[in-house]
Amino acid sequence: MREKLHALQSEALEMIERVTKLDDLKGIRVKFLGKKGPITEVMRGLGQLSPEERPLMGQLVNEVREKIQAVMEEKQAALEAKQLEEQLASEQIDVTLPGRTVPVGSIHPLTRTIQTIEDIFIGLGFEVAEGPEVEMDHYNFEMLNLPKEHPARDMQDSFYITEETLLRTHTSPVQVRTLLAKAGQVPVKIICPGKVYRRDDDDATHSHQFTQIEGLVVDEGIRMSDLKGILLEFAKEMFGADQKIRLRPSFFPFTEPSTEVDISCMICKGEGCRVCKETGWIEILGAGMVHPNVLRGAGYDPERYTGFAFGMGVERVAMLKHGVEDIRNFYTNDLRFLRQFSHL
Ligand code: FA5
């Protein structure tokens, strides 16, 4: 038994000496010191020895086991150190390499235009309101003095979802929603940006889906001159101090009197071009004094309160501001176009 133990020790030490991988070292541990290994077997057999031999052999087994264990631990520490060294060498970082550039997106020019317009009106004391894009006929038309079968409904060719719901054709239903929510309180002074939808044929200045910003002011003593003053102030802040606006008489069922507002064309400086259809002016919004029927319908006494409202096309404003000749550029997501606005 003594010789067998010495032979086992030499065999184990020799194998440990030769091993180069941590996993193999684990295998050797199991082979020699595991539950089914030869050392455990010898320990189990100790009971069959004579009482004189038992303590001597017991001591020897322990010595052999401790020796193997000690050498093994030493080897394990050496192999782990070597592995760490190799890992560090292979993962070495060259800090002098140039960094990788991460492409950063930018805000869409229409979103930026909305933000700029919002900032201007917030500066003039307006609050920002919101309304749904899927709207009820009731708010989109009826409460705006456009009963069913009213011929002026043809001014805005609509996408109906059911007989009573449609994609809103303008942001004006938010006027009604705001007045109802305010329940007769004044002053009302809001703008509302949002997407609107019309069955218009797409061309350089028209899109079937576009963006409007509605404005509404209601209080005692609001006059047409307040509307003109606010819009001129907006035009100057948006386009420059020497900017001109032009009011043309128009018709909207929800305002009386009504007007369409043009801004001098910035692309051709009034000379006439494709965008302004050779007129030197470009229409950016419709406006007027809120019709008494609209005020009354929303619970405001038109004898006491008056107001003005406007609805502007954000794309038209962005086109003028940045000299964009075709509205479709905003929707085709050509990065070469969009990148021109990344600094805004
Ligand atoms: C209206 O939508 C009215 N709700 C505006 C209004 C509000 C009048 C409050 C009075 C009081 P209009 O259909 O003209 O009006 O559209 C308003 C603006 O939206 C236009 O001046 C134009 O700048 C823009 N616009 C209209 N149709 C299109 C289109 N298909 N594509 C891009 N912009 C458009």
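The values are calculated or read from the model by the stated rules, or taken from the named source; none is laboratory data. Owing to the predicted nature of the structure, the values given are computational and were not obtained by experimental measurement. So basically every Cβ, Gly included, is an ideal-geometry build from the backbone, and we count neighbours across all protein chains shown. Just the protein is used for accessible areas: all its heavy atoms, side chains included, with ligands, DNA and RNA removed. Shrake-Rupley method; radii C 1.70, N 1.55, O 1.52, S 1.80 Å.
Some notes on this structure:
- Among the residues making up segment 299-312, those that are open to solvent by 10 Å² or more (accessible area, probe 1.4 Å) and at negative phi are ASP301, PRO302, GLU303, ARG304, TYR305, THR306, GLY311.
- Residues that are open to solvent by less than 20 Å² (accessible area, probe 1.4 Å) and more than 36 Å from the chain's Cα centre (by Cα) within segment 243-271 comprise PRO253, THR255, SER258, THR259, listed in sequence order.
Residues checked against (1) more than 19 Å from LEU146 (Cβ to Cβ); (2) within 13 Å of the ligand (Cβ to nearest atom); (3) of a type outside the set (Phe, Trp, Tyr):
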{"position": "ASP262", "(1), (2), (3)": "yes, yes, yes"}
{"position": "GLY270", "(1), (2), (3)": "yes, no, yes"}
{"position": "CYS276", "(1), (2), (3)": "yes, yes, yes"}
{"position": "TRP281", "(1), (2), (3)": "yes, yes, no"}
{"position": "GLY286", "(1), (2), (3)": "no, yes, yes"}
{"position": "PRO292", "(1), (2), (3)": "no, no, yes"}
{"position": "PRO302", "(1), (2), (3)": "no, no, yes"}
{"position": "PHE308", "(1), (2), (3)": "no, yes, no"}
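- Evaluation of MET155 against (1) at pLDDT 95 or above; (2) within 10 Å of the ligand (Cβ to nearest atom); (3) hydrophobic (A, V, I, L, M, F, W, C) (one fails), failing number: (1)
- Segment 313-322, subset within 14 Å of the ligand (Cβ to nearest atom) and farther than 27 Å from ILE222 by Cα, residue most open to solvent (accessible area, probe 1.4 Å): LYS321
- Among the candidates VAL261, VAL218, the residue that is farther than 23 Å from GLU283 by Cβ and touching a helix residue (DSSP H, G or I) at 6+ places or on another chain (Cβ under 8 Å) is uniquely VAL218.
- Each residue in segment 220-232 was checked for being buried (at least 16 other Cβ atoms within 10 Å of the Cβ) and either within 29 Å of the chain's Cα centre (by Cα) or not in a helix (DSSP H, G or I) (or both), and 1 of them qualify.
- Residues satisfying the stated conditions in segment 299-312, i.e. of a type outside the set (Ser, Thr, Tyr) and touching a Gly at 6+ places or on another chain (Cβ under 9 Å): GLY299, ASP301, PHE308, ALA309, PHE310, GLY311, MET312
- Cross-chain or 6+ apart pairs with Cβ under 9 Å, segment 64-85 first and in the same structural domain as MET43 (by TED's automatic domain parsing), then among the polar types (S, T, N, Q) and open to solvent by 60 Å² or more (accessible area, probe 1.4 Å): LEU79/THR20; LYS82/THR20
- Test: residue in segment 199-221 that is closer than 18 Å to GLY311 by Cβ, polar (S, T, N, Q) and either modelled with pLDDT under 90 or away from the ligand (no atom under 12 Å from the Cβ) (or both): yes
- Total residues in segment 316-334, condition among the β-branched types (Val, Ile, Thr) and part of a loop (DSSP other than H, G, I, E, B): 2
- Scan segment 160-189 for residues that are open to solvent by less than 10 Å² (accessible area, probe 1.4 Å) and either touching a residue at least 60 places away in the same chain (Cβ under 8 Å) or closer than 20 Å to LEU320 by Cβ (or both) and the total you get is 7.
- Subset of segment 233-242 that is in contact with a helix residue (DSSP H, G or I) (Cβ under 9 Å, 6 or more places away or on another chain) and open to solvent by 40 Å² or more (accessible area, probe 1.4 Å) - its residue that is nearest to PRO257 (Cα to Cα): GLU233
- Tallying residues that are open to solvent by 80 Å² or more (accessible area, probe 1.4 Å) and within 33 Å of the chain's Cα centre (by Cα) within segment 82-134 yields 12.
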